[in-house]
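To keep things clear, I will list the structure first and then write my remarks on it.
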Amino acid sequence: MSADARTDAKPSGRSSIRDPDNNRRALIAATLDTIAEIGITDTTVSKIIQRAGLSRGMIHLHFGGKNQLLAAAAKSFAEEYFTEMDKLVQQAGNDPESIVMAVVRADLGDVLMNERSTRIWHAFRGAANTNGSIALFSSTRDKRLRTTIHTAFKTIAKDYGDEDDSILARDATFGLLALLEGMWVDYLSNANEFSRDVATSIIRRFIKGLFPHHF
């Protein structure tokens, strides 16, 4: 039997066409793990199905093709991010200052920021320039995250009557997002030297510079 035939052969006992949800999850997980290990360019169908223990036809059956699988993987990765983010934001209650810092703690925490996730994030960001489906879930201006932060900052900015609160909230929102992006890049490049406490302190000082009576 050729190597390709062995790769495409359907393993017995691992999964079946009768368990589509598990198959989809297995293929998405295998895609994300492969991307984390070798990057998106070298993530081939053969490598994905070998890791997932499924046949090549399962990708076409459940997703329609590799590009659709990559888009589904990007969506799943984004959902994982917001599951953790939402948990901490909900714990913050209705206090806008607590909400902002919950976003910071979640984004810089080891559940979201780790070697696997930063590699996947970087790979999807690179692919987003030429792949609109991936870009939907890998935007540097993610609407959901931006809205959460901006709403909190706009509430805080109302306490500062000497400036237009909408401009202040806008600047704080984009500044914070840029800092968080930068921290992920720094972690990706210098994981062993990265300090989450220092990163949090830097971000807090930036925000306090805009809102001196808060944070």
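Overview of results
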quantity	calculated
Residue match in the stretch 126-138 (condition: within 20 Å of I203 (Cβ to Cβ), touching a residue at least 12 places away in the same chain (Cβ under 8 Å) and over 12 Å from the mean Cα position of the chain (by Cα))	no
The stretch 187-206, subset without any contact (Cβ under 8 Å) to a residue 12 or more places away in the chain and in a helix (DSSP H, G or I), residue surrounded by the fewest Cβ atoms within 10 Å (Cβ to Cβ)	D197
Residue check, D159 touching a helix residue (DSSP H, G or I) at 6+ places or on another chain (Cβ under 9 Å), free of Cβ contacts under 8 Å to residues at least 60 places away in the same chain and not in a helix (DSSP H, G or I)	yes
Answer from G39, G53, G64 - the residue that is free of Cβ contacts under 8 Å to residues at least 40 places away in the same chain and out of contact with any Asp or Glu (no Cβ under 7 Å at 6 or more places or on another chain)	G64
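Each row is one residue, and each column tells you yes or no for (1) among the acidic types (D, E); (2) under 23 Å from F82 (Cβ atoms); (3) at pLDDT 95 or above.
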position	(1), (2), (3)
S138	no, yes, no
R141	no, yes, no
I156	no, yes, yes
E163	yes, no, no
L177	no, yes, yes
M183	no, yes, yes
V198	no, no, yes
I202	no, no, yes
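Residue-wise test of (1) touching an Asp or Glu at 6+ places or on another chain (Cβ under 9 Å); (2) closer than 26 Å to I35 by Cβ.
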residue: E115; (1), (2): no, yes
residue: R119; (1), (2): yes, yes
residue: N129; (1), (2): no, yes
residue: S139; (1), (2): no, yes
residue: D142; (1), (2): no, yes
residue: T151; (1), (2): no, no
residue: A157; (1), (2): yes, no
residue: A169; (1), (2): no, no
residue: A172; (1), (2): no, no
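The values are calculated or read from the model by the stated rules, or taken from the named source; none is laboratory data. As the structure is a computational prediction, the values presented were derived from the model and not from experiment. Cβ sites come from the backbone with ideal geometry, for glycine too, and all protein chains shown count toward neighbours.
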